[in-house]
Structure formats: structure tokens, C-alpha cells
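Have a look at the structure below, then the notes.
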Amino acid sequence: VRGGWRLVVAIADVAHYVKPDSPLDRCAWERGNSVYLPDRVVPMLPEGLSNGLCSLRPHEPRLTLVCDMKVTERGNVTRFEFYEAVIRSWQRLTYNRVQEFLDAGALDVESEVQASLKELESVYHALREAREARGALDFDSHEAVLELRDGHVAAIHPVTRKDAHRLIEEAMIAANVCAARFLEDMERPALYRVHEPPDAEKTDQLRQALAFAGVRLARGDMTPKLVHDALTQLGDRPDRWIFEMLALRSMNQAVYTPENKGHYGLALERYMHFTSPIRRYSDLVVHRAIKAALHNADAGFGMDWLATTGGHISATERRAEAVAWGVDGWLKCEYVSGRIGEEFDGVVMGVTDFGLFVELTGYYVQGLVHISELGQDFFRFNQSSMTLVGEKSGRRFGLGDALRVKLVDVQPAVGKVDLLLVKGGK
């Protein structure tokens with residue numbers, strides 16, 4: 001397209017196969033979403049759909065719901081339309097292969113696919129610039145992938161988020177916004193993905209923590225752009241991820257609701273989940289609303305059902321997160337349990353009036369150094385600076401401090417790790 005791009009996001013037409021109030025639908029509603037564990041997925045829908053009919057395979061026809069967008073050179077979507085289609089893809093590319101293309105500028109695929117990837121890279125940069133301009137938050141996750149053998153952790157690998165991931169994310173975000181705009185234009189209700197602004201108490205804590213790191217946040221409403229700019233001021237500090245995590249913790253959890261209250265983190269006025277109907281029930285609802293609008297038909301649900309469903313799937317999402325975190329924590333604790341008595345490097349991740357939460361470097365597991373183990377002194381908790389300070393010695397422990405600790409006890413079933421301080425503090 002002259003002066004921009006045509007960006008086409010085609011998503012598997014799950015609603016074609018999963019009809020409202022069918023046994024499949026009732027089971028999907030009950031589950032709410034797929035659950036991701038280190039060595040398996042508990043899918044929302046059967047594998048015949050998720051890995052078969054609704055899975056992209058090269059040169060095989062697939063039913064899709066399409067968001068067809070015009071994106072300007074400044075990364076703004078000026079026109080869009082939704083329609084049903086059959087697609088036959090050329091290649092099924094992994095993130096690693098796309099990253100290989102982004103790094104090298106070439107890939108062992110057809111020239112047409114390479115040309116498409118080159119344009120996709122260009123539209124990605126335009127969308128990223130628009131994202132930066134509106135001040136959307138974007139954190140590099142401090143996470144790890146567990147490599148399991150026979151149900152036990154064999155190795156822990158850090159998750160690296162590359163441009164190939166971001167490229168897809170930006171295309172998906174654009175399509176999700178268009179879904180909300182389309183249904184609003186058609187006056188059709190559906191489920192918004194709502195992320196409300198953080199409350200004053202949490203923003204004050206974040207403001208204090210950033211001030212201690214040398215970054216001043218202006219008083220008043222803490223807009224996402226204000227947080228974004230403050231975190232940018234941290235530059236390439238090795239402990240930047242800790243402050244990004246603090247910013248994340250200060251945020252409200254996103255929920256599904258038929259009432260639009262905007263998306264704070266993405267700095268968007270409206271947002272719906274459209275791009276993953278195979279693993280999120282919310283997206284399936286949005287697909288049904290769009291398809292009903294395209295056919296001028298009744299979607300079969302009203303505001304009461306949407307409100308109930310939004311509350312239910314928000315809860316199943318929290319449940320899935322809790323299960324994933326619990327399993328992850330158990331396995332990591334079990335992994336280090338054979339090393340009781342050994343010393344580790346660690347970083348202070350949390351400061352409380354009863355001690356320090358320290359993450360063992362390279363293991364992504366946190367343990368507690370109890371306040372009674374910090375030395376022969378009375379340590380006072382300073383909430384404004386998030387520090388523990390010894391009254392006599394003046395010895396101080398704060399966020400991001402590098403410590404040397406000893407592992408003294410691990411209880412994997414409850415995710416409990418006890419540590420002793422060997423060296424550290426200022």
C-alpha cells in the first residue's frame with residue numbers, strides 16, 4: 001500500500017467448530033483458558049481442534065476470521081475490515097527462524113515469504129514507534145524456562161524476548177484494538193480486556209522506590225507514559241529489571257468485562273482479546289460477536305451473560321496463573337534442595353519488616369533471610385526507602401543489593417526457602 005502497509009492478521013475460526021451451549025462450549029467456558037505448565041498444557045479445547053483443525057499447517061486450507069488493516073508509516077491504523085476466509089499458508093515459521101531472518105536479512109524460504117517478512121519488519125518498527133509515542137509500558141520478563149527430565153528439573157534457562165516475539169505482539173495488539181473498534185461501531189457488546197490505573201498507595205510506593213534509585217516521578221496522576229519515561233531513565237542498569245518488576249506489582253490485574261474502562265498498561269482507550277480463541281474463552285466470545293455482526297445475526301448473549309462470563313474467566317485466569325506459579329516454584333525449590341549448605345550469590349528482591357527476600361542468581365527462586373540473621377544489631381524497616389537499617393552500625397540492606405547467602409532449608413511443597421547471610425549490606 002502506498003504510504004504504508006496492508007497488515008492482515010488471520011486467526012483460526014474456532015467459533016465455526018465450537019457452537020454456543022454445545023458440550024464443547026460448556027467445557028471451554030468452565031475451563032476459561034488453557035493452563036501452561038513446565039512440561040505440558042491443559043488445553044481449553046480438545047487437541048483435535050488445537051493441534052489439528054485450528055492449527056496452521058503449510059499448504060493446508062484453514063478457516064479463519066481475518067482483521068485486514070491499513071497501517072500508516074507512523075504506525076496508525078486508519079482503515080480496517082473483518083471477514084471470514086480460507087487461508088493456505090506458505091510456511092510455518094518459528095520465532096527462532098523469524099529472528100534468524102531479522103538478524104541476517106535472509107532465510108532458506110521462498111522469495112515471496114522473505115519479501116513478506118521484510119515488509120512485516122518495517123510495519124513492526126512503525127507500530128513500535130507509535131507504541132513508544134503513546135507511552136505504553138513494555139517490560140522484558142525476568143522469567144525462566146525449566147528443562148525437565150523424568151519430572152525433575154535438569155536445567156534452568158532464562159527467557160529471552162526478541163524482536164520476533166515483539167513483531168507478532170504488535171500485530172496482535174493492532175488487531176485486538178480493531179476488534180473493539182469494530183464491535184463498538186456495530187453497537188455489539190462483547191468482553192473488553194480492561195486494565196485500570198493503579199491506586200494511589202501503590203503508585204506512592206513505586207515513586208519512593210524510583211526516587212531511591214535516583215529517578216524522580218512528578219506528583220499527580222501516574223500515567224503509563226510517566227512510568228515508561230521514568231523506567232527509561234534507569235538506562236542499562238543491571239538492576240533495572242527489579243524496578244520494572246516493582247512497577248508491575250504496583251499495577252492492578254487486568255480483567256474481562258463488558259464495560260470499557262481502557263487498558264492502562266498498553267495506553268489504549270479500548271482493547272479486546274481477539275487473537276487466541278483456541279486458548280482463551282474471551283477471544284471466542286469476541287469472535288462470535290464479530291461473526292454475528294458480519295451476518296447481521298443475533299450473537300445469542302446479552303450484558304448479564306457477558307458480566308457473569310467476564311467474572312468467571314477472570315477468576316479462571318487467576319487460578320491458572322496460581323497453578324503455574326505453584327508448580328514452577330515447587331520444581332525450582334526441589335532443584336536447589338540438593339544443595340543445602342552451599343553458598344550462592346543473590347539479589348534483594350523484597351524488603352519487609354521481618355527480613356529480606358533474596359533471589360538466587362541463575363536459579364530464579366527466592367528465599368528469606370530473616371531479620372534476626374542480619375547481625376548483632378536492631379534493624380529498623382524504612383518503608384519510604386524500602387530498606388532495613390541497623391540502629392547502631394548504620395548497616396543498610398535495600399532493593400537490588402548483591403548478597404552472598406547460604407542455603408539452610410528448603411520445603412518444596414510450600415515453596416519455602418530459608419537463607420543465611422554470609423556477606424553483604426552497605
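Some values worked out for this structure:
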{"read-out": "Listed peptides 290-301, 149-160 by packing density, highest first (mean Cβ within 10 Å)", "value": "290-301, 149-160"}
{"read-out": "With DNA, RNA and ligands ignored, accessible area of residue 261 (1.4 Å probe; Å², nearest 10)", "value": "110"}
{"read-out": "Residue (of 362, 206, 407) at the positive-pole extreme of the chain, dipole from beta-carbon charges", "value": "206"}
{"read-out": "Coil-residue chymotrypsin sites (Phe, Trp or Tyr not before Pro) of region 24-133, DSSP, other Cβ within 10 Å capped at 16", "value": "90"}
{"read-out": "Whole-Å distance, taken between Cα centres, linking region 117-162 and region 293-317", "value": "30"}
{"read-out": "Surface accessible to a 1.4 Å probe, per residue, for the residues of region 255-411, Å²", "value": "44"}
{"read-out": "Given charges at beta-carbon only (K, R positive; D, E negative), |dipole| of region 290-386 in Debye", "value": "320"}
{"read-out": "Helical mean residue ellipticity (222 nm; -39500 (n - 2.57) per DSSP H run of 4+; nearest 500) of the chain", "value": "-11500 deg cm²/dmol"}
{"read-out": "For region 309-360: rounded, prolate or oblate by the Cα gyration tensor [a/c cutoff 1.5]", "value": "oblate"}
{"read-out": "In nm, spacing of pseudo-spin labels at residue 149 and residue 90 (7 Å Cα→C-beta vector)", "value": "4.1"}
{"read-out": "Student exercise, region 1-94 dipole from Lys, Arg, Asp, Glu Cβ charges, in Debye to nearest 20", "value": "400"}
{"read-out": "Solvent-accessible area, 1.4 Å probe, carbon plus sulfur percent, for the chain", "value": "51"}
{"read-out": "In the chain, lysine pairs with alpha-carbon atoms under 16 angstrom apart (chain gap of 8 or more, or interchain)", "value": "5"}
{"read-out": "Relative contact order (percent, whole number), the chain, Cα cutoff 8 Å, 6+ residue spacing", "value": "15"}
{"read-out": "Per residue accessible area in Å² of region 3-138, where ligands, DNA and RNA are left out and the probe is 1.4 Å", "value": "55"}
{"read-out": "Surface per residue (accessible, 1.4 Å probe) for region 151-233, Å²", "value": "48"}
{"read-out": "Debye, to nearest 20: dipole size of region 95-243, +1 on Lys, Arg Cβ, -1 on Asp, Glu Cβ", "value": "520"}
{"read-out": "Radius of gyration and maximum dimension Dmax of region 371-426, Cα, Å", "value": "12.6, 39"}
{"read-out": "Residue with peak Gaussian network fluctuation, the chain [Cα springs, cutoff 10 Å], from 100, 317, 334", "value": "100"}
{"read-out": "Overall form of the chain per C-alpha gyration tensor (a/c, 1.5; a/b vs b/c)", "value": "prolate"}
{"read-out": "Farthest toward positive dipole pole in the chain [+1 Lys/Arg, -1 Asp/Glu at C-beta], among 195, 378, 75", "value": "378"}
{"read-out": "q = 0.19, 0.32 Å⁻¹, region 29-69: log10 I(q)/I(0) [Debye, one scatterer per Cα]", "value": "-0.74, -1.07"}
{"read-out": "Cα gyration tensor, region 26-120 - rounded (a/c under 1.5), prolate or oblate", "value": "prolate"}
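The values are calculated or read from the model by the stated rules, or taken from the named source; none is laboratory data. Quantities reported herein were computed from a predicted structural model and do not represent experimental measurements. Positions of Cβ are backbone-derived with ideal geometry, glycine not excepted, and every protein chain shown enters the neighbour counts. For the accessible areas, the whole protein counts, side chains as well, though only heavy atoms, and no ligand, DNA or RNA atoms are used. Shrake-Rupley method; radii C 1.70, N 1.55, O 1.52, S 1.80 Å.
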